[in-house]
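Taking it in order: structure first as C-alpha cells, then the write-up.
The values are calculated or read from the model by the stated rules, or taken from the named source; none is laboratory data. As the structure is a prediction and not an experimental result, all values here were calculated from the model. Ideal geometry is used to build each Cβ from the backbone, glycine not excepted, and the neighbour counts take in all protein chains shown.
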Amino acid sequence: MVKTTDVLLVGAGAMSATLGSMLKQLDPLVSITMVERLDKPLQESSDGWNNAGTGHAAYCELNYTPLQEDGSVNVDRAYGINARYEVSLQYWSHLVKLGALPSPENFINPVPHISFVWGKDNVDFLRKRQQALIGHPMFAAMEFSDDSKVLNEWMPLVMQGRDPDQKMAATRVAYGTDVNFSAVSRGMIEHLQSQDDFELLLNHAVKDLKQQDDGRWNVTIKNEKQNTISTINAAFVFIGAGGAALQLLQKAGIAKGYGGFPVSGQFLVCKKAELVEQHLAKVYGKASAGSPPMSVPHLDTRIIDGEKALLFGPFAGFTTKFLKHGSAWDLFLSIKADNIWPMIKVGINNFDLIRYLVKQAFQTPRSRINALREYLPEARDQDWTLHTAGQRVQIIKKCPKHGGKIEFGTEVIHTSDGTLAGLLGASPGASILVPIILEIVEQCFTEQLATKEWQERITKIIPSYGISIVSHKDLFMSIRNDTLSTLKLS
Ligand SMILES: Cc1cc2nc3c(=O)[nH]c(=O)nc-3n(C[C@H](O)[C@H](O)[C@H](O)COP(=O)(O)OP(=O)(O)OC[C@H]3O[C@@H](n4cnc5c(N)ncnc54)[C@H](O)[C@@H]3O)c2cc1C
C-alpha cells in the first residue's frame, strides 16, 4: 500500500526539523512525514558534538570582513550574516514564547565571541575592523582592547604563559552565543510529534524519487531493520539529507553539473573541570594563508545538555564519505558525466586547498597540540582528546570561466514547479537555518505564502519578515532587545 502525505522531509536533521516546524506553524492542517535512515534523529552534523555550536553572527569570524585593496574593511557580508542569524533568533524566541521549545538555556547560552590576533599588522586590522563595524547597532556592543590586563580578564587561560611584550589585541561581544543545534531541533521534532498528522519513521532510508504525471512524488523507502521496501506519495519533498543530499537531488534529476567535495572535521576536546571553569568564550583567530574559510582555528566553550567542555579546532581531513555514518563509496557514486569535468577542474585549480587538506590529513597528535598551544600556550597533551565531528560536503559547480569552482556556502536547489527542494553546501550552516528555510517556503509555497492567513502568521512568527533589519535600525533594536531577553542572552 502506498502511504500519502502532504510533505515528506528526508532526514531528521536541523534543517528538516525547522522546515517541518515552520510549515506546521503556517498551516496546522498540513500532514508531514519525516524519514530518517539512522535509529535516532540528529546523529549527523546537527548532533551537538558534531559541530562547533557557534551562533555565527560575524562577531568573531574575521573571514567575513575582508581587508580591501584600498585599505578599508568590507563589512557587507558581516551585516548580512548578523541579520540572518537574528532571523533564527526571532524564530527560536517565538517557539519559546509558544511553549514549543524548552527553556532557552537548554539549547542556547551566552558565550562571549572574541577575535584574538597577534602581530602589528593583525592588531591594526582588528582595530580597523571594530571601528568599521560599531557604526551599526548590530555591532555597537563590540569592544576592542590591546591591553594585556583586559585581555587577561576576557580570556585568562589564553593569556597564561604569553610573552607580555608580544603585540596582541582582541575584540569581544559579550552576548555571542553557543548553540546546541541538536537540542533546539529535538525540541522542534518533539513539538511536531505532539501534533496531529506528523509521523517520524526511523531506520528508513530514501532510495529513489520519481515525479508522477500529476506532479506528486513517489519516494522509495527502505526499512533498514526489516529489509522491506515501501513507497510514500508526497505533494512536496524536502531533501534535508545533509551531506547525502547531492545523491538524492541527482536521483530527482535536479542537480546537473553539481558535485560534492567532502571534508571531515575533528576537534580536540577537554572536559577537565578546573580548565573548563577558567574559560568562557569562543576565541576565533586568523586562518593560515591558503586555507579554506571553515578552517579558522577557534577555542570554544561548549555547553551541551548541561555539560560544559572546551573544544579546539577544527582539523580537517580528506574522506570519501558524505556522512559521518556514510559509505566510503559516496564520493565515487556521486561522480556523473555532467559533473566530472567541474570536479577535475576544481582539483587542478585549487592546489592550495588540496595541499592544506593533505597536510591536515597527515597531522600527528604532536602537531595538533602545537596548533592548540598557539591559543593555550600551557596546554598539556593529557587534558585533551581527539573527537571526530560531522562531515561537510562543499559544493562544486560548473563555472564558464574556470570550468568548475568550489563554494563554501549553502545553496537551495528546487524544481521549477516547487514540488521538491534540497540543500547543498555547509556554511555558515545551522546558524542561518531559519532564513534558509524561509527561502524554501518562498520558492516552493509561493501561492500559500501570498494568502492573508500565511502573511499574518509569518509576521507573527518572524516580526521582521520582509523588512531589512540592516536598513531599519529602530526595528532592529526592538527585535534584538526582545530576542536577547526571551532567549536569556543579555
Ligand atoms: C565540523 C563541523 C562544524 C560545524 N560548526 C558549525 C557551527 O559552529 N555553527 C553552525 O551554525 N554550523 C556549523 N556546522 C554546520 C551545521 O552542523 C550544519 O549546517 C547542520 O547541522 C546541517 O543540518 P542538516 O539537517 O542539513 O544535516 P544533518 O544534521 O547532517 O542531517 C541530515 C540527516 O539526513 C539523514 N539522511 C541522509 N541520507 C538519508 C536518506 N537517504 N534517507 C533518510 N535519511 C537520510 C542523516 O542520517 C541525517 O540524520 C558545522 C558542521 C561541521 C561538520
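Residue 137 fulfils the conditions (1) under 27 Å from the mean Cα position of the chain (by Cα); (2) surrounded by 20 or more Cβ atoms within 10 Å (Cβ to Cβ) except for a single criterion, (2). Every condition in (1) surrounded by fewer than 14 Cβ atoms within 10 Å (Cβ to Cβ); (2) away from the ligand (no atom under 16 Å from the Cβ); (3) assigned to a loop (DSSP other than H, G, I, E, B) is met by residue 366 except one, and the failing one is (3). Between 101, 38, the distinction of being at pLDDT 95 or above and either of a type in the set (Ser, Thr, Tyr) or surrounded by 19 or more Cβ atoms within 10 Å (Cβ to Cβ) (or both) belongs to 101 only.
Selection within the range 165-192: residues that are farther than 30 Å from residue 484 by Cβ and not basic (Lys, Arg). The member of this set that is surrounded by the fewest Cβ atoms within 10 Å (Cβ to Cβ) is 165.
Residues checked against (1) without any contact (Cβ under 8 Å) to a residue 60 or more places away in the chain; (2) crowded, with 24+ Cβ neighbours inside 10 Å; (3) of a type outside the set (Asp, Glu):
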position: 2; (1), (2), (3): no, no, yes
position: 10; (1), (2), (3): no, yes, yes
position: 20; (1), (2), (3): no, yes, yes
position: 27; (1), (2), (3): no, no, no
position: 34; (1), (2), (3): no, yes, yes
position: 43; (1), (2), (3): no, no, yes
position: 50; (1), (2), (3): no, no, yes
position: 53; (1), (2), (3): no, yes, yes
position: 57; (1), (2), (3): no, yes, yes
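Put simply, of 348, 432, 354, 406 the only residue that is modelled with pLDDT under 80 and of a type in the set (A, V, I, L, M) is 354. Being out of contact with any helix residue (DSSP H, G or I) (no Cβ under 8 Å at 6 or more places or on another chain), surrounded by 21 or more Cβ atoms within 10 Å (Cβ to Cβ), of a type outside the set (Lys, Arg) and outside any strand (DSSP E or B) is a property that residue 357 has.
The single condition among (1) over 20 Å from the mean Cα position of the chain (by Cα); (2) within 16 Å of the ligand (Cβ to nearest atom); (3) modelled with pLDDT under 95 that residue 420 does not satisfy is (3). Within the range 62-80, being surrounded by fewer than 20 Cβ atoms within 10 Å (Cβ to Cβ) and not hydroxyl-bearing (Ser, Thr, Tyr) holds for 63, 66, 67, 68, 69, 70, 71, 73, 74, 76, 77, 80. Applying the criterion of being out of contact with any strand residue (DSSP E or B) (no Cβ under 7 Å at 6 or more places or on another chain) and acidic (Asp, Glu) to the residues of the range 374-410, the residue that is farthest from the ligand (Cβ to nearest atom) is 378. Among the residues of the range 55-87, which ones are within 14 Å of residue 433 (Cα to Cα), within 12 Å of the ligand (Cβ to nearest atom) and out of contact with any Pro (no Cβ under 7 Å at 6 or more places or on another chain)? Answer for the range 55-87, where residues must be within 14 Å of residue 433 (Cα to Cα), within 12 Å of the ligand (Cβ to nearest atom) and out of contact with any Pro (no Cβ under 7 Å at 6 or more places or on another chain): 55, 57, 85.
All of 464, 485, 471 fail the test of being surrounded by 13 or more Cβ atoms within 10 Å (Cβ to Cβ), farther than 24 Å from residue 414 by Cα and among the polar types (S, T, N, Q), apart from 464. Of the strands (runs of 3 or more DSSP E) lying entirely inside the range 64-153, those containing at least 3 residues that are touching a strand residue (DSSP E or B) at 6+ places or on another chain (Cβ under 9 Å) and over 27 Å from residue 486 (Cβ atoms) span 113-118. The sole residue among 432, 395, 413, 406 that is within 21 Å of residue 24 (Cα to Cα), touching a residue at least 40 places away in the same chain (Cβ under 8 Å) and not in a loop (DSSP other than H, G, I, E, B) is 432.
Going through the range 196-217 one residue at a time, which ones are surrounded by 15 or more Cβ atoms within 10 Å (Cβ to Cβ), within 15 Å of residue 237 (Cβ to Cβ) and not β-branched (Val, Ile, Thr)?
Scanning the range 196-217 gives 201, 204, 205, 209, 211, 216, 217.
Once the range 434-457 is narrowed to residues that are of a type in the set (A, V, I, L, M) and under 17 Å from residue 7 (Cβ atoms), the residue that is surrounded by the fewest Cβ atoms within 10 Å (Cβ to Cβ) is 449.
Kindly check whether there is at least one residue in the range 307-317 that is among the acidic types (Asp, Glu) and touching a residue at least 40 places away in the same chain (Cβ under 8 Å). No, the range 307-317 has no match at all.
Across the range 324-342, the qualifying residues are those that are in contact with a Ser or Thr (Cβ under 9 Å, 6 or more places away or on another chain) and in a helix (DSSP H, G or I), and the one among them that is nearest to the ligand (Cβ to nearest atom) is 330. Close Cβ contacts (under 7 Å, 6 or more residues apart or on different chains) running from residues in the range 467-480 that are without any contact (Cβ under 8 Å) to a residue 40 or more places away in the chain to residues that are surrounded by 14 or more Cβ atoms within 10 Å (Cβ to Cβ) and of a type in the set (Gly, Ala, Ser) comprise 475/464.
For the range 198-244, the set of residues classified as touching a helix residue (DSSP H, G or I) at 6+ places or on another chain (Cβ under 6 Å) and over 25 Å from residue 334 (Cβ atoms) consists of 198 only.
If we keep just the residues of the range 17-54 that are near the ligand (Cβ under 10 Å from one of its atoms) and touching a Phe, Trp or Tyr at 6+ places or on another chain (Cβ under 6 Å), which is farthest from residue 448 (Cα to Cα)? That would be 46.
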